[in-house]
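First up is the structure itself, then whatever we jot down about it.
Nothing in this text is a laboratory measurement; each read-out follows from the coordinates by a stated rule. If you're wondering where the values come from, they're calculated on a predicted model, not measured in any experiment. Ideal geometry is used to build each Cβ from the backbone, glycine not excepted, and the neighbour counts take in all protein chains shown.
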Amino acid sequence: MTARPIDPYGAEYAYLQVADDIQRRVTEGEIELKLPSERSFADEYEVAYTTVRHAMAVLRERGIIVTVHGRGTFVAPRDHRRTQT
């Protein structure tokens, strides 16, 4: 599995497209523990670093990921995740 392409001219904001795709990858088990760096995601999705930072904030709000200062960003335990998208 890989990242789905982001449509910069689509009706949905690029940061939401990135957030939705990372959430899909977590749900499908492609990403299970620690997430790659935000810069790695920016390169992979071919978007600006700030777009990925915004996407990470959305995923934190959704309860999909947790960030531990100095350790990195991790997939949240299933019992802590919200079911909304």
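Pull up the stretch 58-82, narrow it to residues that are assigned to a helix (DSSP H, G or I) and exposed (fewer than 13 other Cβ atoms within 10 Å of the Cβ), then point me to the one that is farthest from the chain's Cα centre (by Cα). Step through it out loud before you land on a result.
Initial filter on the stretch 58-82 (assigned to a helix (DSSP H, G or I)): 58-62, 78-80.
Filter again for exposed (fewer than 13 other Cβ atoms within 10 Å of the Cβ), leaving 61, 78-80.
Working: GLU61: 11, ARG78: 16, ASP79: 18, HIS80: 16 Å.
Only one residue tops the list, namely ASP79.
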Residue list for the stretch 3-27, restricted to those being of a type in the set (Asp, Glu) and assigned to a helix (DSSP H, G or I): ASP20, ASP21
Filter pass, VAL47 being in a helix (DSSP H, G or I), on the phi < 0 side of the Ramachandran plot and surrounded by 12 or more Cβ atoms within 10 Å (Cβ to Cβ): no
Residue check for ILE31: touching a strand residue (DSSP E or B) at 6+ places or on another chain (Cβ under 9 Å) and either part of a loop (DSSP other than H, G, I, E, B) or surrounded by 13 or more Cβ atoms within 10 Å (Cβ to Cβ) (or both): yes
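Are any residues in the stretch 57-74 touching a residue at least 24 places away in the same chain (Cβ under 8 Å) and within 18 Å of TYR15 (Cα to Cα), and if so, which ones? Full working, then the answer.
To start, the set of residues in the stretch 57-74 that are touching a residue at least 24 places away in the same chain (Cβ under 8 Å) comprises 58-59, 62, 64-65, 72-74.
Across the stretch 57-74, the qualifying residues are VAL58, LEU59, ARG62, ILE64, ILE65, THR73.
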Matching residues, the stretch 4-23, being surrounded by fewer than 16 Cβ atoms within 10 Å (Cβ to Cβ) and among the small types (Gly, Ala, Ser): GLY10, ALA11
